[in-house]
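The values are calculated or read from the model by the stated rules, or taken from the named source; none is laboratory data. In this text, all values refer to a predicted model and were calculated from it rather than measured experimentally. Because the Cβ atoms are built from the backbone with ideal geometry, glycine has one as well, and the counts that use them run over all protein chains shown. The accessibility values were calculated without ligands, DNA or RNA, using every heavy atom of the protein model including side chains. Shrake-Rupley method; radii C 1.70, N 1.55, O 1.52, S 1.80 Å.
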Amino acid sequence: MYPLRRNRRLRTNEAIRSLVRETIITPNDFLVPLFIVEGKGIKEEIASMPNYFRYSLDLLKNEVKELWQLGLKSVLLFVKVPDNLKDNKGTEALNPNGLMQRAIKTVKDACPDMLVMTDVALDPYSSYGHDGIVGNGAILNDETVDILAEMSVSHVNAGANFVAPSDMMDGRILAIREALEDEGFIDTGIMSYSAKYASGFYGPFRDALDSAPVDLVDIPKDKKTYQMDYANRFEAIRETEMDIDEGADIVMVKPGISYLDILREIKNEVDIPVAVYQVSGEYAMIKAAAEKGWLNHDHIMMETTTAFKRAGADIIASYFAKDIVKLIHS
């Protein structure tokens, strides 16, 4: 007797596979990270992130317009701050004419409808490469939070739609929300890096911004005292729920592929959008393996991206966004 149901009937060819596919990737899924540098005429490839670039403001305009034409409508801005402007308190972060503030205005001038999110953390501005102020043998939480709140207001004054605190200081979402409300920015969103792990996957990103932590006598050369232990699961839910209670509009899991269980756990628990960040190390591994001929670049790019959405991501921050959309359109 033959089976009445054969599951393979729905896998016979690409037409039927496409028709019944459960998870579909579109340009609307993506948040595009962009790295900004001082200067003119600069489109500088990041050595540890092949085919990804730092842009000066004049060329940032062209990149933003191209993204918009491809259907990519949201960007996340990061700046590479010159060493002479770095200090322990991130003073340059509050400069109304700083690189981040000018980058926000550049994007909005080039493409007014582009959704602009900004990184809020001290590490690009810190002479020590930490996300907070260093003092008394520790990363100072409350003093850092005060600066992050001022930094957020500065970004919104420049035109940002969302601020994205990536620092993992306790209480920073409430402080930022209150600061924005006090300034009348009631419609500004906060995307919180709520479950950000102390991961080994961030190396190429720190190369891109020259923001790696430095050796100090009394401070570890890592971020384990404020970013989460990668062995922990329930802590991620607690962190996320606290951020929502403090006023976050979107929450994020970072990194991505090694934390799909956390992504699904959080998606099951919360009722606001959940983002995931496919970080620089994940991007670099795929690029390196593809260059060696060990993996099919486009296949793995799409497979990992689909995994994020299948696991529950509403938003995917990815360095592959532009390549994926071009592949979809081809």
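See the values below:
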item: Residue count, region 1-31 (criterion: outside any helix (DSSP H, G or I) and open to solvent by less than 80 Å² (accessible area, probe 1.4 Å)); result: 7
item: Any hit, region 269-283, residues being more than 15 Å from the chain's Cα centre (by Cα) and open to solvent by 60 Å² or more (accessible area, probe 1.4 Å); result: yes
item: Residue check for Asp323: under 20 Å from Gly71 (Cβ atoms) and either of a type in the set (Lys, Arg) or in contact with a strand residue (DSSP E or B) (Cβ under 6 Å, 6 or more places away or on another chain) (or both); result: no
item: Residues of region 32-50 satisfying the condition of being out of contact with any strand residue (DSSP E or B) (no Cβ under 7 Å at 6 or more places or on another chain) and either open to solvent by 50 Å² or more (accessible area, probe 1.4 Å) or outside any loop (DSSP other than H, G, I, E, B) (or both); result: Glu38, Lys40, Gly41, Ala47, Met49, Pro50
item: Selection from region 107-116 of residues that are surrounded by fewer than 21 Cβ atoms within 10 Å (Cβ to Cβ) and either on the phi > 0 side of the Ramachandran plot or assigned to a helix (DSSP H, G or I) (or both); result: Lys108, Asp109, Ala110
item: Count - residues of region 167-218 that are modelled with pLDDT of 95 or more, crowded, with 20+ Cβ neighbours inside 10 Å and of a type in the set (S, T, N, Q); result: 3
item: Residue list for region 185-205, filter: among the hydrophobic types (A, V, I, L, M, F, W, C) and touching a residue at least 60 places away in the same chain (Cβ under 8 Å); result: Ile190, Met191, Ala195, Phe201, Phe205
item: Yes/no for Ala208 being touching a residue at least 60 places away in the same chain (Cβ under 8 Å), of a type in the set (A, V, I, L, M, F, W, C), closer than 30 Å to Ala158 by Cα and outside any helix (DSSP H, G or I); result: no
item: Top-ranked residue in region 121-152 [being among the polar types (S, T, N, Q) and either on the phi > 0 side of the Ramachandran plot or part of a strand (DSSP E or B) (or both); ranked as modelled with the highest pLDDT]; result: Ser126
item: Where a residue in region 73-91 is touching a residue at least 40 places away in the same chain (Cβ under 8 Å) and crowded, with 19+ Cβ neighbours inside 10 Å and its partner, wherever it lies, is of a type outside the set (D, E, K, R) and assigned to a loop (DSSP other than H, G, I, E, B), with Cβ under 6 Å and at least six apart; result: Val79/Pro124; Val81/Pro124; Val81/Tyr125; Lys86/Tyr125; Lys86/Ser127; Gly90/Leu122; Gly90/Tyr125
item: Close pairs from region 266-291: first at negative phi, partner part of a strand (DSSP E or B) and small (Gly, Ala, Ser), Cβ under 6 Å, at least 6 apart; result: Tyr277/Ala317; Gln278/Ser318
item: Count of region 234-267 residues which are among the charged types (D, E, K, R), surrounded by fewer than 17 Cβ atoms within 10 Å (Cβ to Cβ) and assigned to a helix (DSSP H, G or I); result: 6
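Here's the yes/no breakdown for (1) of a type in the set (A, V, I, L, M, F, W, C); (2) in contact with an Asp or Glu (Cβ under 6 Å, 6 or more places away or on another chain); (3) part of a helix (DSSP H, G or I); (4) open to solvent by less than 40 Å² (accessible area, probe 1.4 Å):
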residue	(1), (2), (3), (4)
Ala290	yes, no, yes, yes
Gly293	no, no, no, no
Met301	yes, no, yes, yes
Thr305	no, no, yes, yes
Arg310	no, no, yes, no
Ile316	yes, yes, no, yes
Asp323	no, no, yes, no
